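Report on the structure given below.
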Amino acid sequence: MMSIIITLLVNLLIETSVSLTVVVPGDPIVAHVGSTVILPCWISPAQNAEALEIRWYRQDQFSNPILLYNHGKIQDVQEESYRNRSSLTLRSDQSGGLKDGDVSLRLEKLTLQDEGSFHCYVSGESAYDKEEVVLKITVLGSTPVLVPKPLDDGRVNISCKSSGWYPEPSITWTSVDGRVLHPGGSSHNRGTDKMLSVHSWTAVSRSDAHLVSCSISLRTGELQESRIDVQAIISSDSSGPWKALFFTFLICALLGLVGLILYKYRVKLTGKKPAGPNCEEGTMDKLGNKVVEDVNIEELRQHAVEITIDRERLHQDLKVSKDCKIVRDSADYNHTGEEFPVQLCAFGAQRFTSGRHYWEVELVRSPNPPKNYWIIGVVKEGSVASRDRSALTPSSGFWFLCSDGPRGFHINTTQPVKLSLTPRPERLGVLLDYKNGQLSFYNVTERKHLLTISCRFSGSVVPLFNPGAGDQSPITILDCPKPEEPAVESSQPLLSNNSSDT
């Protein structure tokens, strides 16, 4: 009898000594889209976890973990979307890692889909425990765009718009002295990518404020703010229209006089009357862009770079090929309405901060006709596409050429400029000249220069692709054949790695 009691006490002592208690922070962890975050988790009291099973998983996905550590190493059993993005890490510089029971998880390249609960599970031979860590994802939207509109009663209605927010932000109107102004109204529009576009407006008079500020903020305290001088708008409103009318009349008269002189000179010189002006060509001239025949495509290809799609930033309603070179709308995507789906954006994995870079895209796949709907260009890294077409402007970090089916071609200047491009491009070349602030487009098949957009780049820019919806052909990024050059030792091993993967 005594021996049985002793045995039970020994077993109880062993079980007590190997018991596990998993500890996690009590508050949610907050992080930005695209950033790296650490989800802390540790064993208390501290004990060596190198021989234990450590499993991180989401909701009911126990058998499809984010990360599984067992038998002293990371196992190749993993939820695919977290492959190459997750690892065990130290929760602080003072941590001793697994030897001290630190089983924290490191997540990279965060997306909105990462928001939610993460389970930290630790198991030994005779005991286990688990706890839940909550991750909150945030996206800081674009700088607010303020648009004033004078009212008949002497006040000014100010509209404040911004896009690319998550979660829902708050909007505050204030005067320069800190007084809070009452908004006339506000609205929020959520896109299919979960991002929010916000719009608010208020009406102010001279006595209300001098400088008015529209501030859009997240609960974390991060905000975007823009200001406008209301008194300057009110004081200039009375005389502004008459001044504008006078100067418009003066400029038109001078231009008409110059045009008449040039017309008479040309008739006298050639003996022929010129054909009437073409509106589309006039638009191109204003942009400083004229169609040029016989472009040397081989010279452009000397600046060719390999471009691939960044899977991590791909819109959920797009489908990309295994080599990240072909992108199109998903078969499950149901496009409604007549508006171009500007939110269906794919971004290049390559970032540019200097130099000249050239790439080509195929806009037709035989025997299908050329694509009717597409957007090709560049975007400032971190800019977020929304459903609000008017928000995709150079001031928001977007520069592109758009083919909008029967509505024709246009570039996304603040006032969109329509273009006449005939024939419809089947292979489009793009030349980014970062230093000189130029983005040029070429019809490679016809060897024509289509147009050049003057830009002012800052920070990193990445290629932008939008395949539209409903076309039979996808957008295909091509590998440009470079002109033959003398063989030299490569200084870019990454390029050779990419070519070997292709």
Run the accessible area of segment 91-169 with a 1.4 Å probe and give the carbon-and-sulfur part as a rounded percent. 43
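Between residue 83 and residue 424, what FRET efficiency comes out of the Förster formula 1/(1 + (r/R0)^6) with R0 = 45 Å and r the beta carbon distance, rounded to 0.05? Walk me through the intermediate numbers first.
Values: r = 40 Å, r/R0 = 0.88.
Efficiency, rounded to the nearest 0.05: 0.70.
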Extension gain (nm, one decimal) between residue 251 and residue 229, 0.36 nm per residue minus Cα-Cα: 5.1 nm
If each K or R counts +1 and each D or E counts -1, the residues other than residue 464 whose Cβ falls under 14 Å of its Cβ total +1
Report the charge-dipole magnitude of segment 105-157 in Debye, nearest 20, computed about the Cα centre from +1 at each Lys and Arg Cβ and -1 at each Asp and Glu Cβ. 320
Stretched out fully, how many nm does the piece from residue 131 to residue 151 gain, at 0.36 nm a residue minus the Cα gap? 1.4 nm
In whole Å, how far is the Cα centre of segment 78-151 from that of segment 344-416? 32
Please work out the FRET efficiency for the pair residue 23 and residue 472, using the Cβ-Cβ distance as r and a Förster radius of 41 Å; give the result to the nearest 0.05. 0.15
In whole Hz, what ³J(HN,Hα) sequence does segment 342-357 give by Karplus (6.51, -1.76, 1.60; θ = phi - 60°), x for Gly and Pro? 5, 7, 7, 9, 10, 10, x, 7, 8, 10, 10, 10, 6, x, 10, 9
Between residue 436 and residue 410, Cβ-based FRET efficiency (R0 25 Å, step 0.05) works out to 0.60
With the cut-off at 22 Å, tell me which of the pairs 325/371; 194/380; 325/448; 73/136; 194/322 have Cα atoms farther apart than that. 325/448; 73/136; 194/322
What size of dipole, in debye to the nearest 20, comes out for segment 368-465 about its Cα centre when the only charges are +1 on Lys and Arg C-beta atoms and -1 on Asp and Glu C-beta atoms? 120
About the Cα centre, charge dipole magnitude for segment 168-214 (Lys/Arg +1, Asp/Glu -1 at Cβ), debye: 40
Accessible area per residue, 1.4 Å probe, Å², for segment 94-214: what's the number? 47
Can you check what the net charge comes to around residue 391, using other residues whose Cβ is under 15 Å from the Cβ of residue 391 (Lys, Arg +1; Asp, Glu -1)? +2
What ³J(HN,Hα) values, in whole Hz, does the Karplus curve 6.51 cos²θ - 1.76 cosθ + 1.60 give for segment 106-118 when θ = phi - 60°, with x put for Gly and Pro? 10, 10, 10, 6, 4, 10, 5, 5, 7, 5, x, 8, 10
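In segment 336-408, what percent of the accessible surface is made up of carbon and sulfur (1.4 Å probe, ligands and nucleic acids excluded)? Could you put the intermediate results ahead of the total?
Values: 1390 of 2840 Å².
Carbon and sulfur atoms account for 49 percent of the accessible area of segment 336-408.
The values are calculated or read from the model by the stated rules, or taken from the named source; none is laboratory data. Bear in mind the structure is a predicted one, so any value in this text is a computation, not a measurement. Positions of Cβ are backbone-derived with ideal geometry, glycine not excepted, and every protein chain shown enters the neighbour counts. Note: accessible area is taken over every heavy atom of the protein model, side chains too, but ligands, DNA and RNA are not part of it. Shrake-Rupley method; radii C 1.70, N 1.55, O 1.52, S 1.80 Å.
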